[in-house]
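Reading through the structure tokens given below for one structure.
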Amino acid sequence: MQFFGHDLSFWAAVFGAALFKLATSPRLTWLRSLISVFAALFAAWVFTRPVLAFLNLDGDTYTIAVAVLAGLTGEGLMKWSIFAANNPKEAIEFLKVWRHPR
């Protein structure tokens, strides 16, 4: 059975990753928790196939692993993108330090 182009094992793995992220995150309100889970599911749904194609990975072997990684990192990347859009000078300074640590 397919949901949004992926089978149940894909969604179970991504949802499990989202729950793990919630369990290891600082306490969040119910709304922020729901948004975090939605962001993880959305990131996995949107970015799994492009990452597989970009890295030229076999979809049968790596789809679930890439989906879990996209779900775990996707929300953080979305938060950082919003931060960078709202604070471009601070984001540039952060990237400079990150790229060339002292």
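Annotations for the structure displayed:
- When region 1-15 is limited to residues that are at pLDDT 80 or above and among the aromatic types (Phe, Trp, Tyr), the one that is nearest to TYR62 (Cα to Cα) turns out to be PHE10.
- Test: residue in region 30-52 that is of a type in the set (Lys, Arg), more than 14 Å from the chain's Cα centre (by Cα) and under 23 Å from ALA91 (Cβ atoms): yes
- Among the residues making up region 1-32, those that are among the small types (Gly, Ala, Ser) and buried (at least 16 other Cβ atoms within 10 Å of the Cβ) are ALA13, ALA17, ALA18.
- Looking only at region 59-102, and only at residues there that are among the basic types (Lys, Arg) and assigned to a helix (DSSP H, G or I), the one that is nearest to LEU34 (Cα to Cα): LYS79
- Residue among ALA18, ALA44, ALA40 that is at pLDDT below 85 and either of a type outside the set (Ser, Thr, Tyr) or more than 15 Å from THR73 (Cβ to Cβ) (or both): ALA18
- Given (1) in contact (Cβ under 8 Å) with a residue 60 or more places away in the chain; (2) more than 22 Å from MET1 (Cβ to Cβ), number of the condition ASN87 does not satisfy: (1)
- Note on region 53-77: residues that are surrounded by 15 or more Cβ atoms within 10 Å (Cβ to Cβ) and not small (Gly, Ala, Ser) total 9.
- Taking the criterion of being hydroxyl-bearing (Ser, Thr, Tyr) and either under 23 Å from LYS21 (Cβ atoms) or under 14 Å from the mean Cα position of the chain (by Cα) (or both), the residues of region 58-102 that qualify are TYR62, THR63, THR73, SER81.
The values are calculated or read from the model by the stated rules, or taken from the named source; none is laboratory data. Remember, predicted model here, so these are calculated numbers, not experimental data. All Cβ positions, glycine included, derive from the backbone under ideal geometry; neighbour counts span all protein chains shown.
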